[in-house]
Every structure is written in C-alpha cells, then in structure tokens.
1. Once R0 is set to 25 Å, what does the formula 1/(1 + (r/R0)^6) return for the Cβ-Cβ distance between ASP347 and ALA384, expressed as a FRET efficiency to the nearest 0.05?
2. Hey, what did the chain get for relative contact order, percent, Cα under 8 Å, at least 6 apart?
3. Hey, what's the range 126-211 come to in accessible area per residue, 1.4 Å probe, Å²?
4. Would you mind telling me which residue in ARG269, ARG113, ARG146 has the biggest mean-square fluctuation in a Gaussian network model of the chain, where springs connect alpha carbons within a distance under 10 angstrom?
5. What does the extension gain come out to for ARG146 and ARG269, with contour length at 0.36 nm per residue minus their alpha carbon separation?
6. What is the Cα coordinate range of the range 145-262 on the first, second and third principal axes, sorted by size from largest, in whole angstrom?
7. For a quick check: with amide H placed at 1.01 Å from N, whose amide H comes under 5 Å from ARG288's, ignoring anything fewer than 5 positions away on the same chain?
8. Find the relative contact order for the range 1-105 and round it to a whole percent, using C-alpha pairs within less than 8 Å whose residues are 6+ positions apart.
Amino acid sequence: MGTERCIIVGASHASAQLCASLRQEGWTGDILLIGDEASLPYQRPPLSKTYLAGKSSFEDLLIRKADFYDKQAVTFRRGLVTALDPEQHEIVLEDDERLGYDKLVLCLGARPRRIDMSGADLEGVHYLRDARDIEGIREGLDGVQRVVIVGAGYIGLETAASLRGLGVEVTVLEVADRVLQRVTAPEVSAFYDRVHREEGVDLRVGVGLTAIAGSARVESVTLTDGTELSADLVIVGVGVEPNIEVAARAGLEVGNGIVIDAHGRTSDRDVFAAGDCAEYPDERYGCRLRLESVPNAVEQAKVVAATICGKEKSISALPWFWSDQFDLKLQIAGLSTGYDDVVLRGDPQGGRDFACFYLREGRLIAADCVNRPQEFVFSKRAIAQGLAPEPDVLADPATTLTTLLQAPARV
C-alpha cells in the first residue's frame with residue numbers, strides 16, 4: 001500500500017475520522033484531504049448553539065488540531081472538486097487540475113435548502129451550514145431588534161434559543177401544524193412549543209413566508225396569512241439537500257444520497273462515501289437511510305476505513321442524535337418512524353425533563369430524552385437488544401432502568 005493514494009473529498013466529521021481510522025486500520029499510503037473551505041474539519045452542531053451565542057471560538061470547533069494531521073501524514077489542501085472520472089481514477093478540480101487516486105472517499109455533506117421568493121436575495125437573509133454563515137449572522141446583529149426564523153426544526157429552534165440568550169427578539173415561522181412535526185411525537189412538540197413561548201419566542205405554526213421586502217436589506221416579511229412583520233434579519237432553516245451532483249454526473253448510483261452498501265462502497269468498488277451525503281442500508285430498521293448526524297458520520301468513516309484496508313466491517317451502530325436549546329439537552333436514541341405507541345416517563349406539560357419512548361408492535365424503537373441521560377443510555381441498550389418492555393412499567397418512575405434491562409423480553 002505504500003505507493004497508493006487515498007483522496008478524501010470534503011472537510012467534515014467523517015473526513016476527520018477517516019484520517020485517523022485509515023492509519024489505525026493499517027493504510028500506509030498517501031492521504032490527501034480536500035475541502036472547499038480554508039479550514040481543517042470542524043464541528044458543525046455547535047454553530048447554531050455555542051458559536052452563534054459567542055460562547056466558543058472557531059479554534060474550539062476544530063475536531064482535531066493541525067498537528068494531528070501532520071503526525072498522521074495527511075496533506076490538506078483547499079479546493080473544489082467539480083468532476084470525478086472513475087474510469088481513469090481521477091478527480092477534477094475547479095481549475096481543471098486532475099489528481100489521481102487509488103481509493104476515493106466522498107464526504108460531501110449537504111447544503112441548506114434555499115427559498116425561492118421575492119426578496120430572498122436581499123442582504124440580511126441567511127442560511128445555516130458553515131462557520132461563514134454564523135459569522136455573517138453575528139456581524140449583522142448590531143442594532144438588530146427582530147429576527148425572523150423560517151422553520152421550526154432542530155436548527156431553527158436551536159438558533160432561536162441562542163438568539164434569545166443574546167437578548168434578540170425572535171419570531172419563528174413553521175408551515176406545519178406543530179414544531180418538530182417530522183421527527184417527534186405530538187407530546188414532544190407540545191413541550192418545545194411551551195418552552196420556547198415561556199422563553200419569549202414569538203412562535204407561529206401553520207404559517208409560512210410568501211415574501212421578503214426591503215430596499216437594500218431586509219426590512220419586513222409577509223406571511224401566508226397576510227400578516228406583515230418587521231424584520232432586521234431572516235434566517236432560513238427548512239432542511240438540507242445532500243451534495244450528490246458530482247457523484248451522479250460520474251455515473252455513480254444515487255438516490256436520497258450517494259448509494260453505498262453496508263461496507264461504505266458506492267457502485268464503483270474504489271469509490272466510497274460517508275456522512276450526510278451517503279444513503280446506506282440499515283438492517284435494524286429494514287430500510288435505506290440517509291442520516292444527518294455526527295455519530296452516523298463517525299461510524300460510517302470507521303467502516304469505510306476498515307473496508308479500504310481489506311477488513312469487511314459493516315455499518316451497524318444504532319443511530320443517535322442530540323439538540324441543545326436553552327437549559328434543555330435532548331438526546332435521541334434510534335428512529336421513531338413507524339411507531340404505533342408512545343410512553344412518557346416524567347411530565348412534559350409542566351417540568352423540564354422527561355423521556356418519550358416510541359414503540360412499534362410492543363418493541364422499543366426510539367426515545368427522546370430531555371435532560372434524562374440515564375433514560376438515554378437505557379434506551380440505546382434496550383433498542384439494541386430488541387426489548388419490549390411493558391408500557392406501564394416503563395412509564396413508572398419507581399421502576400429502575402437496570403431492572404428493565406434485566407427483565408425477559410415480552411414475546
């Protein structure tokens with residue numbers, strides 16, 4: 001392997017892990033990491049949390065410092081990859097430079113979904129994806145009185161919480177009937193709706209945006225119900241789209257992401273993918289998934305590194321996620337899609353900590369745990385073991401979680 005080269009495209013969580021795991025698995029060839037930002041890979045989740053709130057510096061966000069890449073003999077260069085040539089084993093950069101590879105890993109991530117309406121290009125309209133977006137928002141906060149956030153998913157709500165912490169007036173618009181509708185049960189939505197209103201967020205559900213107005217920069221927005229609101233900044237958080245175009249043009253199989261097998265390979269055996277851009281088969285949930293989460297990216301990177309080095313590991317870790325809003329740490333274990341029953345442990349209507357367990361045909365498939373780390377740890381283990389705890393027992397705070405893990409599963 002000493003003369004071989006592995007090129008990693010995209011400076012992300014997955015790529016940072018790949019640089020470590022490739023060496024750990026025995027890759028002795030060259031490693032070239034190419035990113036379209038000048039920076040080494042950095043953490044994205046804190047962008048809408050501590051970084052926006054000014055509680056962390058950019059240095060704090062770096063996944064690994066520069067000396068790590070030096071010690072691992074990883075070459076980093078800034079560049080934008082515009083094309084792949086799998087037949088020639090080459091990538092093409094924006095200046096038409098061609099670089100050869102023996103193994104190629106695509107960690108292309110995802111990009112914010114854009115809105116298309118009058119005024120969408122005005123100064124003061126922002127999206128959330130990289131550090132430059134956050135820096136633009138922070139620079140524009142001087143003199144700002146009201147920020148309008150479009151979208152009440154995790155990104156939108158995290159951003160609202162951070163801005164309220166800075167004393168900014170915030171209005172959040174959500175076209176769905178409730179916040180977090182796509183990813184949580186109504187009970188969890190109602191909890192976050194209550195907390196955000198208690199914290200002073202002007203939360204409006206069942207309403208969207210039709211226009212943004214202003215002369216040189218944003219001054220107001222018009223809602224779908226005809227209401228006009230003054231706005232100094234508009235922040236859009238309406239989901240993301242995977243960066244699959246380069247792969248598609250190269251003839252690689254794509255779907256809701258770059259299609260990979262359980263070992264991280266694309267439809268070309270020398271090209272791999274990992275992270276937010278990759279769609280993989282999940283045996284536990286019996287479907288193909290594309291997940292936007294750090295643990296998923298790290299897991300896939302480890303599997304890809306092993307596969308490249310001739311060790312056929314499979315993607316098998318339980319998906320998990322987290323979200324920080326105000327004094328709330330939400331930890332999510334598993335995927336709740338297809339649940340048919342919900343069990344609550346704690347009081348989401350009055351308190352600030354509880355767990356919401358999702359069951360399907362009696363088996364635990366997911367859990368949302370708000371300020372409940374023990375329930376989160378329990379849920380990860382119980383889901384992995386395929387347990388089907390009695391709902392009444394699961395809801396009872398007097399029942400110890402270790403007892404549930406030790407109890408025989410219901411048939």
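1. On the way: r = 28 Å, r/R0 = 1.11.
For ASP347 and ALA384, the calculated efficiency is 0.35.
2. Working: 894 pairs, mean separation 57.5, N = 411.
Across the chain, relative contact order equals 14 percent.
3. Numbers: 3400 Å² over 86 residues.
Per residue, the range 126-211 has an accessible area of 40 Å².
4. Looking only at ARG269, ARG113, ARG146, the largest GNM fluctuation is found for ARG269.
5. On the way: separation 123, 0.36 × 123 = 44.28 nm, distance 5.13 nm.
Using 0.36 nm per residue and subtracting the Cα-Cα distance, I get 39.1 nm.
6. The Cα atoms of the range 145-262 stretch 48, 41, 29 Å along the principal axes, largest first.
7. ASP282
8. On the way: 167 pairs, mean separation 34.3, N = 105.
Computed value for the range 1-105: 33 percent relative contact order.
The values are calculated or read from the model by the stated rules, or taken from the named source; none is laboratory data. Worth saying up front: this structure is predicted, and the values here are computed from it rather than measured. Please note: Cβ atoms are built from the backbone with ideal geometry, for glycine as well, and neighbour counts cover all protein chains shown. Note: accessible area is taken over every heavy atom of the protein model, side chains too, but ligands, DNA and RNA are not part of it. Shrake-Rupley method; radii C 1.70, N 1.55, O 1.52, S 1.80 Å.
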